[in-house]
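A short write-up of the structure that comes next.
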Amino acid sequence: MAAASDEQRTKLARRAGSATSTTARRRQRRSFSMLADDLLIIIYRLLGDYPSSRTRFAAVCRSWCAAVDSEPRVPVLPWLLLSPREIGGDRTRRAHCLEDGAVMRICPRPGVVRRHLVGGYDGCWVVSCHPPPIRIVNLFSGAELALSEKLSKIACPRRDHGRGDTRCPIVVSKIVFSEPPTSHGCIMAAMTENCGIALCRIGCPEGGWMIHGCQVESFMDIAFCNGELYGVTRDGHKLVKFEITLNKDGAPMVTGDTRVALQMVSRVKSRNSCKEYAVYIVDLHGKLVIAMMTWWWHDREPFFKVYQLVGNETSGTTTCCNNKWEEVTSLGDHDLFLGQTFSKAVHVPMNMRGDVERNRIYYSNNCCRSLNSVVHGDAVMLTISNENGELKYQRKKRTSLVDDDEKIMSVGYFMKCGGHDIMWLLPPDI
């Protein structure tokens with residue numbers, strides 16, 4: 001009886017301690033939320049030059065965000081998002097801020113931690129589909145879009161091909177959005193390795209995915225520009241503008257396309273199997289821009305060339321059939337952030353802090369590199385410590401231009417070790 005009584009007292013003490021600690025945490029949260037608005041505004045203004053600190057500020061509680069709601073927002077630049085470590089059960093993704101050099105630790109919703117990311121949208125939206133189902137999550141707010149069963153996986157109607165299951169899976173390499181994922185009219189376009197292009201509309205849950213070009217054609221990149229979907233063929237020789245209409249159920253489908261040659265520069269075939277030697281589609285000032293890596297000789301370093309598709313200016317949209325390209329020799333006050341799953345042209349304020357300069361191309365991919373590798377421009381090698389999970393990076397600067405034809409300098413970001421997703425992520429203006 002004495003032993004039982006002691007055990008019972010121990011349980012009661014643990015419960016009391018747990019209740020006390022819970023009450024203390026609640027009081028602490030209330031004390032933070034009860035800070036005066038004037039004080040919060042002063043703190044917020046002091047953080048103007050530190051985007052990572054502003055993010056931490058906004059993550060404390062809703063009352064803090066509401067207190068500074070009338071304050072002008074400071075535009076942010078994309079962050080570099082890395083997947084968790086492979087060891088130690090680490091659930092945390094790292095987001096490297098180029099402006100102040102800080103590293104944000106982001107713990108996604110359960111079930112999203114180790115999923116492969118294949119796309120994103122402004123405001124910290126990311127999309128994953130490996131393994132199924134497709135999930136769209138906001139890494140900043142933690143919100144997740146509810147997708148119907150038909151939208152949560154891509155199934156091909158062909159009997160001899162994938163139906164979204166494990167027997168013959170459809171491999172998705174990139175997903176793009178025509179507008180914010182929360183909007184009713186948003187169209188999702190998926191670039192696949194083995195099933196062409198797939199389309200769906202988030203506001204049409206019963207419409208499912210519509211397939212175009214299954215086992216006929218594959219693509220190197222896709223992007224929306226002025227609401228129109230464009231793609232670059234896998235061989236890098238053609239730009240395709242897809243004509244999209246809605247069927248009777250309201251689901252988007254490809255009804256035709258227009259093609260333009262991409263023979264602006266002659267390129268020798270790369271000896272490197274990495275996708276860094278690719279063509280990227282970007283919307284710059286509302287115009288379609290192609291950024292391609294090129295080189296003149298095998299023994300010279302590669303460099304980027306940027307071209308703008310010029311069309312009928314009076315219509316407000318680019319007309320592919322004009323087939324006219326102009327080289328972009330300066331990005332002005334903008335930078336290009338290029339990646340396999342997300343690319344973005346962003347305005348860069350004057351006197352930017354950190355490693356960011358105007359008129360630059362910042363690119364990344366999932367390939368491993370060493371400081372002795374031949375890359376385009378400066379190279380930044382990233383490493384996540386297995387001991388404490390800290391992100392370390394080392395930058396190798398190039399001392400001279402590759403060629404007189406190189407107009408826009410660049411910086412490449414690589415992981416020293418494999419097994420990591422690496423993509424650009426554009427946080428909300430906070």
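The values are calculated or read from the model by the stated rules, or taken from the named source; none is laboratory data. All values reported here derive from a predicted model rather than from experimental measurement. For neighbour counting, all protein chains shown are included, and Cβ atoms are generated from backbone atoms with ideal geometry for every residue, glycine included. The area values use the complete protein model at the heavy-atom level, side chains included, leaving out ligands, DNA and RNA. Shrake-Rupley method; radii C 1.70, N 1.55, O 1.52, S 1.80 Å.
Looking only at residues in the range 34-85 that are farther than 24 Å from CYS107 by Cβ and basic (Lys, Arg), which one is most open to solvent (accessible area, probe 1.4 Å)?
ARG45
Where in the range 111-182 are there strands (runs of 3 or more DSSP E), lying wholly inside it, with at least 2 residues that are touching a Ser or Thr at 6+ places or on another chain (Cβ under 9 Å), more than 19 Å from ASP221 (Cβ to Cβ) and at pLDDT 90 or above?
135-138
Can you find a residue that is modelled with pLDDT under 70, open to solvent by 50 Å² or more (accessible area, probe 1.4 Å) and of a type in the set (Gly, Ala, Ser) anywhere in the range 299-315?
Within the range 299-315, one or more residues are modelled with pLDDT under 70, open to solvent by 50 Å² or more (accessible area, probe 1.4 Å) and of a type in the set (Gly, Ala, Ser).
Go through the range 12-50 residue by residue and tally those that are modelled with pLDDT under 85 and assigned to a helix (DSSP H, G or I).
Adding up the residues that qualify gives 22.
Considering only residues that are over 10 Å from the mean Cα position of the chain (by Cα) and not in a loop (DSSP other than H, G, I, E, B), look in the range 331-351 and name the one that is nearest to LYS287 (Cα to Cα).
In this case the residue turns out to be ALA345.
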